[in-house]
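*Asks:* For reference, the structure I am asking about is given below.
The values are calculated or read from the model by the stated rules, or taken from the named source; none is laboratory data. Predicted model only: the values in this text are computed from it and were never measured. Here the Cβ is made from the backbone with ideal geometry for all residues, glycine too, and neighbour counts use every protein chain on show. Just the protein is used for accessible areas: all its heavy atoms, side chains included, with ligands, DNA and RNA removed. Shrake-Rupley method; radii C 1.70, N 1.55, O 1.52, S 1.80 Å.
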Amino acid sequence: MIARQPERLLIVGAGMAAARFADELVRRAPGRCDVTMVGAEPRAPYNRVLLSAALAGEIGEGELALDDASWRSRSDVRLLLDCRVAALDLEGRIARLADGRALAFDRLVLATGSTAVRPPIPGVGLPGVVTFRDHADLAPMRDAARASRRVAVIGGGLLGIEAAAALAKLGAAVTLVHRVDRLMERQLDARSASFLKRAVERRGVKVRLSAETVAVAGEARAEGLVFADADRLAADLVVVAVGVRPNVELAHAAGLAVNRGVVVDERLTASRPFVHAIGECAETAGEVCGLVEPAYEHAAVLARRLAGEGDARYVAAAPATQLKVAGAPVFSAGEFDAVNAEAITYEDRALGVSKRLMLRDGRLVGAVLVGETDDALWYRDLIRDGASVAAFRDDLIFGPAFCDHGERPPVKEAA
């Protein structure tokens, strides 16, 4: 009998989703695929979530590694770093690298991630304007912060807040500028956001809300920001953290279906049956993900499918975010500002703790916690399971320790 040849599997991208997928696949089906991973960055896969902690000096850069095993010395995954895939020939199943090499594949997984967005405003291309997205941004941002007395950070989402707090810890005078009236408006209601704002300000960061930046001032280099109301903010360094855009250019040029992301079905399969997409570049059911949890779920589902579990499907769960923002634990899941829902709130301004639960028809549909998140996974599971909480509704805000243990579901491990 002729032995089955391993399938040649090419992973384009070497970020967190790609690394998790490769790990899952070789663990579930060792030897089934001949795996090659191509990454544009010179570093082996690392934890992008910890970049702000590394910027602030809270952890060493060596601690960014995703695991203790060296990716460079692995025998089950061929890793090509500092390599860019310039084009894909899907008919011939060939990936052409920017250095002229060609890689043949039987199956392709796109894990190309996303790119930091720069707003289309005058002056955004001046020296002294930077984005914060990759490991390569750490050193120049540190150097610029130490040489700059005044730093303006544009963007009040997670990355902007973390960058502002880290730069303030390095000694810069930092102003965080956000165009809407509250921080992290996609995850937090107004009251919860006010608690986060105070936590950010305690880190030495000035917060300026409802301020729309229309230009970066300066001739030879950035000198500050200009706002829609004609007011100005002086700055020696401008950090742009206004969001990301999925990297879909390669897929689009290859003729794959693309909207905001690479369009895939619940099997994570693109418009060609031997092509898949996972992580921030993938679009499932009209949505793209910008969080680690769904990206890891993509990786797990696709690994299961390619390992032989044909019934594995990706089903998007209620969005959940749990992280530490500027030192303050933050959790948001489900509908945080739900219409036709009852809100249960608890606040302790002295401790900086805010809890807001949203109920509809006797079920928990949303939760936002700031300052204390020990019960976050329990609330997440209640939301996703859709179970009735009527039996312990009055004690729900105080967590599982105060509720009837016979009624509540067990806490599930995080993905």
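*Asks:* What aspartates and glutamates does LYS355 reach when the alpha-carbon gap must be under 17 Å and sequence neighbours fewer than 8 apart in one chain are set aside?
*Replies:* Straight-line reach from LYS355, under 17 Å: GLU185, ASP189, GLU335, ASP337, GLU342, GLU347, GLU372, ASP374, ASP375, ASP381, ASP394, ASP395.
*Asks:* Can you match P(r) over Cα pairs in 20 Å bins from 0, in percent to one of these, [x] 26, 59, 15, 0; [y] 22, 47, 20, 8, 2, 0; [z] 24, 53, 22, 1, based on a calculation from the structure here?
*Replies:* The value computed from this structure is option [z].
*Asks:* Right, another one. Add +1 for every Lys or Arg and -1 for every Asp or Glu among the other residues with Cβ under 12 Å from the Cβ of PHE195, and state the total. Can you show the working numbers first?
*Replies:* On the way: positive: ARG182, ARG191, LYS197, ARG198, ARG202, ARG349, LYS355, ARG356; negative: ASP189, GLU201, GLU347, ASP348, GLU372.
Computed value for this residue: +3.
*Asks:* Still on this structure, I have one more. Work out how much length VAL339 to ARG363 would gain on full extension: take 0.36 nm times their residue separation and subtract the Cα-Cα distance, in nm to one decimal.
*Replies:* Details: separation 24, 0.36 × 24 = 8.64 nm, distance 1.40 nm.
Length gained between VAL339 and ARG363: 7.2 nm.
*Asks:* Same structure, new question: Report, in debye and to the nearest 20, how large the dipole of the range 35-132 comes out about its Cα centre when Lys and Arg carry +1 and Asp and Glu carry -1 on their Cβ. List each step's numbers first, then the result.
*Replies:* Numbers: 11 positive and 12 negative charges, 66 e Å.
In total the dipole reaches around 320 debye.
*Asks:* Where only protein heavy atoms count, and the probe is 1.4 Å, what is the accessible area per residue for the chain in Å²? Mind dumping the intermediate values first?
*Replies:* Values: 19260 Å² over 415 residues.
For the chain, the per-residue accessible area is 46 Å².
*Asks:* Based on Cβ point charges of +1 for Lys and Arg and -1 for Asp and Glu, what charge dipole magnitude is obtained for the chain about its Cα centre, in debye rounded to the nearest 20?
*Replies:* Values: 53 positive and 56 negative charges, 166 e Å.
It works out to roughly 800 debye.
*Asks:* In a shell of Cβ-Cβ distance under 14 Å around VAL238, excluding VAL238 itself, what net charge do Lys and Arg (+1) and Asp and Glu (-1) give?
*Replies:* Around VAL238, the charge tally is +3.
*Asks:* Separate question: Projected onto the charge dipole of the chain (+1 at Lys/Arg Cβ, -1 at Asp/Glu Cβ, origin at the Cα centre), which of PRO127, THR175, GLY13 gives the Cα projection farthest towards the positive end?
*Replies:* Selected residue: PRO127.
*Asks:* Now for a different question. Nearest 0.05, what FRET efficiency do ALA401 and GLU63 give at R0 = 35 Å with Cβ-Cβ as r? Spell out each step's value before the answer.
*Replies:* Values: r = 33 Å, r/R0 = 0.95.
The value I calculate is 0.60.
*Asks:* Further question on the same structure: Can you tell me the length gained on complete extension of the stretch ARG245 to GLU219, counting 0.36 nm per residue apart and subtracting the Cα distance?
*Replies:* Working: separation 26, 0.36 × 26 = 9.36 nm, distance 2.81 nm.
Taking 0.36 nm per residue and subtracting the Cα distance, the gain is 6.5 nm.
*Asks:* Take the alpha-carbon centre of the range 158-196, take the same for the range 300-356, and report the distance between them in whole Å.
*Replies:* 19
*Asks:* Once you place label points 7 Å from the Cα toward the Cβ at ALA190 and LEU126, how far apart are they in nm?
*Replies:* In this crude spin-label approximation the distance works out to 3.5 nm.
*Asks:* Using Cα pairs under 8 angstrom and six or more residues apart, how large is the relative contact order of the chain, in percent?
*Replies:* 14
*Asks:* Okay, helix-only estimate at 222 nm for the chain: each DSSP H run of n ≥ 4 adds -39500 (n - 2.57), divide by all residues, round to 500 deg cm²/dmol; what do you get? Please list the in-between numbers first.
*Replies:* Values: 8 runs with 83 residues, N = 415.
Value at 222 nm, helices only, nearest 500: -6000 deg cm²/dmol.
*Asks:* Then there is this: Quick one: order LYS169, LYS197, LYS355 from most to least accessible surface, probe 1.4 Å.
*Replies:* On the way: LYS169 120, LYS197 55, LYS355 20 Å².
Ranked from most to least accessible, the order is LYS169, LYS197, LYS355.
*Asks:* Express the relative contact order of the range 200-289 as a whole percentage, based on alpha carbon pairs under 8 Å and six or more residues apart in sequence.
*Replies:* Details: 118 pairs, mean separation 13.4, N = 90.
So the answer I get is 15 percent.
*Asks:* Also: Tell me, what % of the accessible area of the range 246-322 is carbon and sulfur with a 1.4 angstrom probe? List each step's numbers first, then the result.
*Replies:* Values: 1650 of 3250 Å².
So the carbon and sulfur contribution to the accessible surface is 51 percent.
*Asks:* Remind me, relative contact order of the range 50-169 in percent, using alpha carbon pairs under 8 angstrom and six or more residues apart?
*Replies:* Details: 83 pairs, mean separation 31.7, N = 120.
The value is 26 percent.
*Asks:* Give, as a single signed number, the net charge of other residues whose beta carbon lies under 12 Å from the beta carbon of ALA111, with Lys and Arg counted +1 and Asp and Glu -1. Spell out each step's value before the answer.
*Replies:* Details: positive: ARG20; negative: GLU280.
Value of the local net charge: 0.
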